[in-house]
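Accompanying notes for the structure given below.
No lab work stands behind these numbers, since they all come straight from the coordinates. Note that this is a predicted model, so its numbers are computed, not measured. Virtual Cβ from ideal backbone geometry, glycine too; neighbours counted across all protein chains shown.
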Amino acid sequence: MRDVHDTQAPSAVPDQADAAAEFRRLMGLFATGVCVVSVNSGKDAIAAMTVNSFVSVSLDPMVVCWSLQNSSSQFDVYARADRFAVSILAQDQAELATRYAARGDTQLRELDFTQSAQGLPVVAGALGHFECQKHSDHLVGDHTMIFGEVAGLRIYSALDGRISPLGFFNGKFCSIEQ
């Protein structure tokens, strides 16, 4: 049933040539938080990647999921990792998010990270983080969904309530006010 307040024409499925662009545009209108997924990628090495495809899957057991683009320059590092961390970024960390959204890890700064209780790299100054053991992964189209069982988590109480999370909307970082 069409909403009587809707002044736009009824929705239509775009032709195949425009479908991907329209899909991407519409998904961009769904506001998300911004995270950095990080792993130990070798002896004293860190790999880090900005994602906004992070979701809670289950409370019992605690399971989260994020999606990894199959063409990512870091695909093999993350696909092989048994453990990973997800840091939830604060609104003042847009520059850091941009740095880790770039392909590869050439801009990685070790000072951006601290070590979690379980020895995983987590973003310093983040609102909090999850430490995960890989549960499973599933190929879906041009991405691989990576599921992790939460083995540890931390909310930084010094930041709790003082700083808003970093958001992503319509292709840009944004503030999410409390």
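Rounded to the nearest 0.05, the FRET efficiency derived from the C-beta distance between PHE23 and ASP44 at R0 = 45 Å is 0.65. Adding -39500 (n - 2.57) for every DSSP H run of four residues or longer, then dividing by how many residues the chain holds, sets the calculated 222 nm ellipticity at -4500 deg cm²/dmol.
Proximity of backbone amide H atoms, modeled 1.01 Å from N, is registered between ALA151 and GLU131, CYS132, GLN133 at under 5 Å, excluding neighbours fewer than 5 places apart on the same chain. Is segment 33-175 best put as rounded, prolate or oblate by its Cα gyration tensor, with a ≥ b ≥ c the root eigenvalues, rounded for a/c under 1.5, and otherwise prolate when a/b is larger than b/c, oblate when not? Rounded.
Going by amide H atoms built from the backbone, whose H comes under 5 Å of the H on ILE176, apart from near neighbours? Distant-sequence amide H within range of ILE176: GLY167. Can you tell which of ASP82, ASP137, ASP15 shows the greatest fluctuation in a Gaussian network model of the chain with Cα springs below 10 Å? Maximum among the listed residues: ASP15.
Pop the C-beta distance of HIS135 and ASN170 into the FRET formula with R0 = 30 Å and round what comes out to the nearest 0.05. Intermediate results must be reported in sequence, preceding the final value.
On the way: r = 32 Å, r/R0 = 1.07.
Taking R0 as 30 Å, the efficiency between HIS135 and ASN170 is 0.40.
Compared with the dominant Cα axis of the chain, that is its longest principal axis, helix 16-28 is turned about 60°. If the segment from GLN115 to ASP15 were pulled out straight at 0.36 nm per residue, it would be longer than the present Cα-Cα gap by 31.1 nm.
Spin-label model, ALA101 to SER73: label points 7 Å out along the Cα-to-beta-carbon direction sit 1.6 nm apart. Charging the Cβ of each Asp and Glu at -1 and of each Lys and Arg at +1, and nothing else, the dipole of segment 41-178 about its Cα centre rounds to 140 debye. Of the residues TYR78, TYR156, the one with the fewest other Cβ atoms within 10 Å heads the list, and the complete ranking is TYR156, TYR78.
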